[in-house]
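S.K.: Got a structure for you, written out below as structure tokens; questions coming shortly.
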Amino acid sequence: MDYSSKLAIGTAQWGLNYGVTNKSGRLGDAVISTLLDSMRANAIVHLDTAASYGDAQSRIGNLDTTGIHIQTKLSAKNRTCEELRAQLHDSLTELKTESVNSLLIHDWFALDQNEIDSVSQFFELSMNEGLTHHVGISAYNLSDLDRARDNLIVWDTAQIPINALDQRFVNAYELFPGIAFQARSIFLQGLLLASNPDHVDVIRFHKFSHSLGVDPLTLSLQFIKEQSWLNSVIIAPTSLDEFDQILNAANSHLPDLDFHSCVSFDAELLDPRAWN
């Protein structure tokens, strides 16, 4: 089976002008429709969205998503369990579905103990009522996973940032057995693909790419492909051409490589929350 079947399509660009290197802006209806057809043709069945992605959920709701597994993410800051339930109801209404495949908390890192307790109760209720099949968190650090393990009665999914420069989570599957891990930020919000990088760590990655005779896109995906423990890999193409390039790179075949020299220890570079 082609590796492309492990991909999931992120939909931030469906509702927002999202991404520091995104020059195309919000995707048009025709592009989204063609993208959905291409997903099916390549056995890609997962869509990742969020209540905070502008009107992305509503646009998904207006599509024929038969056979597509939808994941959405909610904010839990300053929300009780009942308010979370209302927010999920709003998302399901926009998506025009009775349930989602998976449900994540977008801002887990920012929650206090009372809010965490509300999330735990909300997850149990949502699972028991059949509103979702999987629940979990969007993590930024390993400590986020620790807090989930220590506080959540029910959870089985974690979305993590991971790429050739950001290797903090490469052993997460050993530390948190039984959790399904989703990769995000595999191109570091597009910085790894920039034609004229200005950060020393990204420049080093490009030099490594050049030394191998491999383009940065293919090399970025090669690192991800070597993390065989990942359950899915989120990409967010800003055009059909970019989607085709990612597919070709995902299905290319390279020998395993040593990526240790690519590791960055620049915390601000690795965390988009710190970017201006």
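S.K.: Please find, within region 158-184, the residue that is surrounded by the fewest Cβ atoms within 10 Å (Cβ to Cβ) out of those that are among the β-branched types (Val, Ile, Thr) and in a loop (DSSP other than H, G, I, E, B).
M.R.: The qualifying residue surrounded by the fewest Cβ atoms within 10 Å (Cβ to Cβ) is Val170.
S.K.: Give region 96-122 a look and list any residue that's part of a loop (DSSP other than H, G, I, E, B) and either closer than 24 Å to Asp146 by Cβ or among the charged types (D, E, K, R) (or both), or say none.
M.R.: If the condition is that a residue be part of a loop (DSSP other than H, G, I, E, B) and either closer than 24 Å to Asp146 by Cβ or among the charged types (D, E, K, R) (or both), then Lys96, Glu98, His106, Asp107, Leu111, Asp112 are the ones that fit.
S.K.: Here's another thing I want to ask about it. Tally the residues that are of a type in the set (Gly, Ala, Ser) and either assigned to a loop (DSSP other than H, G, I, E, B) or at pLDDT below 95 (or both), restricting the search to region 133-157.
M.R.: Number of matching residues: 1.
S.K.: So, in region 104-119, exactly how many residues are of a type in the set (S, T, N, Q) and more than 23 Å from Thr49 (Cβ to Cβ)?
M.R.: Summing the residues that are of a type in the set (S, T, N, Q) and more than 23 Å from Thr49 (Cβ to Cβ) in region 104-119 gives 2.
S.K.: Look through Ser91, Ser75, Ser102, Ser138 and report the one residue that is touching a residue at least 60 places away in the same chain (Cβ under 8 Å), touching a strand residue (DSSP E or B) at 6+ places or on another chain (Cβ under 8 Å) and of a type in the set (Gly, Ala, Ser).
M.R.: One residue alone meets the criteria, Ser138.
S.K.: Might you let me know whether region 188-207 holds any residue that is aromatic (Phe, Trp, Tyr) and either surrounded by fewer than 20 Cβ atoms within 10 Å (Cβ to Cβ) or within 25 Å of Gly15 (Cα to Cα) (or both)?
M.R.: Taking every residue of region 188-207 in turn, none turns out to be aromatic (Phe, Trp, Tyr) and either surrounded by fewer than 20 Cβ atoms within 10 Å (Cβ to Cβ) or within 25 Å of Gly15 (Cα to Cα) (or both).
S.K.: So Leu240 clears everything in (1) in contact (Cβ under 8 Å) with a residue 40 or more places away in the chain; (2) over 17 Å from Asn163 (Cα atoms); (3) surrounded by 16 or more Cβ atoms within 10 Å (Cβ to Cβ); (4) not acidic (Asp, Glu) except one condition, right? Which one?
M.R.: So Leu240 meets the others, but not (3).
S.K.: Checking Phe176 against (1) at pLDDT below 95; (2) in contact with a Lys or Arg (Cβ under 8 Å, 6 or more places away or on another chain), which test does it fail?
M.R.: Failed condition: (1).
The values are calculated or read from the model by the stated rules, or taken from the named source; none is laboratory data. This is a predicted model, so every value here is computed, not measured. As a convention, Cβ positions derive from the backbone with ideal geometry for all residues, glycine included, and neighbour counts pool all protein chains shown.
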